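Here is the structure we will look at.
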Amino acid sequence: MSITKPLITDLLKDRILVLDGAMGTMIQRYKLEEKDFRNEALKDHPHPLQGNNDLLALTRPEILREIHEQYFEAGADIIETNTFSGTTIAQADYYIEHLVDDINYLSAKIAKEVADEFTLREPHKPRYVAGALGPTNKTASLSPDVNDPGYRAITFDELVVAFKQQIKGLISGGVDVLLFETIIDTLNAKAALFAAEEYFEEIGYRIPVMVSGTITDQSGRTLSGQTTEAFLISISHIPLLSVGLNCALGASALRPYLQVLADKSEFFVSAYPNAGLPNEFGHYDQTPNEMAAQMEVFLKEGLTNIVGGCCGTTPDHIRAIAEVAKKYKPRMVGELV
């Protein structure tokens, strides 16, 4: 059954939308073992698969469904597919590149089914699915070999092929939006955007595209060395739905870089930081109320249109953020959106 929903662009002009929180943080709660990452087809796969969360769309789809439901119940308007590492490039680490089509299609299908169920239940609050595309584990701008700065482990064309395959699977599965996230190397992102534009041209229609970069530390730059404004300029030739920042930093540390986007961007602006910074054990201690209070600064100053959470965030964090977001109007954007 086809579900009719307003255009997400129209909703963004009226109110702040809430993105979900961390998928990996929630999956960790299930304390999964090697057997959870295998099904009948993978029972004799010779390489370890534990930790390859993208595979759960094939082996434990009920877990993904439960997590999506929890985030929608917490107040999220948009959930992300469990496909952060859903390219042949990333899946090569596990020797399962041949499953990339299934991973993306099934993950999108699971998320879409949950979104449609919630939209039917609460038609006044339509739910959307963002197809998540991570940066891959190889960079096009940086050498992995300190002794050979000119070496590259991947080419632009190879990235385009991999992202295009992922995009096809996500759109076939029914995503409403594409979200290129946690961008550490803008050249990788430009390959992903090029792949999307090529695929849109092939299928004869386009869906909205969101882009979210990562400021890796207090230097205010991405891993490949760009400032926030340079990152924005590098991708502004594409008609984006939104541009934003996620991961690496907590909300308070993200604010000055978000201000740059709010001042300079002709697109909607998103922000989904981590729940503070990790402690010495790699855990995130920031409580939902603490995080919501820090993000309220963004909202009060009119810097954002989409808010959510990255590493360490849970449905409780999203619930607190959603409650705060209700009190504020979205950032105004220019005529080019």
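Numbers for the structure displayed
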| quantity | calculated |
| --- | --- |
| Qualifying residue in region 280-302 (condition: in contact with a Leu (Cβ under 8 Å, 6 or more places away or on another chain) and in a loop (DSSP other than H, G, I, E, B)) | no |
| Residue that is nearest to T25 (Cα to Cα) [pool: residues in region 286-321 that are of a type in the set (G, A, S) and buried (at least 22 other Cβ atoms within 10 Å of the Cβ)] | G312 |
| Y257 vs. criteria of a type in the set (S, T, Y), touching a strand residue (DSSP E or B) at 6+ places or on another chain (Cβ under 7 Å) and either farther than 23 Å from V211 by Cβ or in a helix (DSSP H, G or I) (or both) | yes |
| Filtered residues of region 163-194 (kept if closer than 23 Å to A108 by Cβ, more than 17 Å from the chain's Cα centre (by Cα) and of a type in the set (A, V, I, L, M, F, W, C)) | F194 |
| Unmet requirement for K5, which otherwise passes all of (1) out of contact with any Phe, Trp or Tyr (no Cβ under 8 Å at 6 or more places or on another chain); (2) at pLDDT below 95; (3) not acidic (D, E) | (1) |
| Pairs, first at positive phi in region 31-54, second at pLDDT 95 or above and surrounded by 14 or more Cβ atoms within 10 Å (Cβ to Cβ), C-beta under 8 Å, six or more apart | G51/F37 |
| Scan of region 55-105 for residues that are free of Cβ contacts under 8 Å to residues at least 12 places away in the same chain and under 14 Å from G131 (Cβ atoms), ordered by number | none |
| Selected residue [surrounded by fewer than 21 Cβ atoms within 10 Å (Cβ to Cβ), more than 21 Å from H237 (Cα to Cα), in contact with a Pro (Cβ under 6 Å, 6 or more places away or on another chain) and of a type in the set (S, T, Y)] from S143, S172 | S143 |
| Check on L179, modelled with pLDDT of 95 or more, over 22 Å from I96 (Cα atoms) and crowded, with 18+ Cβ neighbours inside 10 Å | yes |
| Yes/no for G75 being within 23 Å of G276 (Cβ to Cβ) and of a type in the set (G, A, S) | yes |
| Output for region 183-200, where each listed residue is aliphatic (A, V, I, L, M) and in a helix (DSSP H, G or I) | L187, A189, A191, A192, L193, A195, A196 |
| Extreme residue, nearest to I63 (Cα to Cα), among residues of region 111-144 that are of a type in the set (V, I, T) and under 16 Å from the mean Cα position of the chain (by Cα) | V129 |
| Test: residue in region 221-242 that is closer than 21 Å to T81 by Cβ, assigned to a strand (DSSP E or B) and under 17 Å from the mean Cα position of the chain (by Cα) | yes |
| Sole exception among (1) touching a residue at least 40 places away in the same chain (Cβ under 8 Å); (2) buried (at least 16 other Cβ atoms within 10 Å of the Cβ); (3) at negative phi for C247, by number | (3) |
| Selection count, region 185-221, where residues are basic (K, R) and crowded, with 16+ Cβ neighbours inside 10 Å | 2 |
| Cβ pairs under 6 Å, 6+ apart, first in region 153-167 and touching a residue at least 24 places away in the same chain (Cβ under 8 Å) and under 10 Å from N188 (Cβ atoms), second part of a loop (DSSP other than H, G, I, E, B) and not hydroxyl-bearing (S, T, Y) | I154/K138; I154/A140; F156/A140 |
| Residue selected from region 298-319 under the condition closer than 14 Å to I16 by Cα and hydrophobic (A, V, I, L, M, F, W, C), by the criterion modelled with the lowest pLDDT | F298 |
| Residue count, region 270-285 (criterion: modelled with pLDDT of 95 or more and either closer than 17 Å to L178 by Cβ or surrounded by fewer than 23 Cβ atoms within 10 Å (Cβ to Cβ) (or both)) | 2 |
| Every residue from region 169-182 that is out of contact with any helix residue (DSSP H, G or I) (no Cβ under 6 Å at 6 or more places or on another chain) and assigned to a helix (DSSP H, G or I) | I171 |
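The values are calculated or read from the model by the stated rules, or taken from the named source; none is laboratory data. Note that the coordinates shown come from a computational prediction; the quantities given were computed from them, not determined experimentally. FYI the Cβ positions are ideal-geometry reconstructions off the backbone, even for glycines, and counts take in every protein chain you see.
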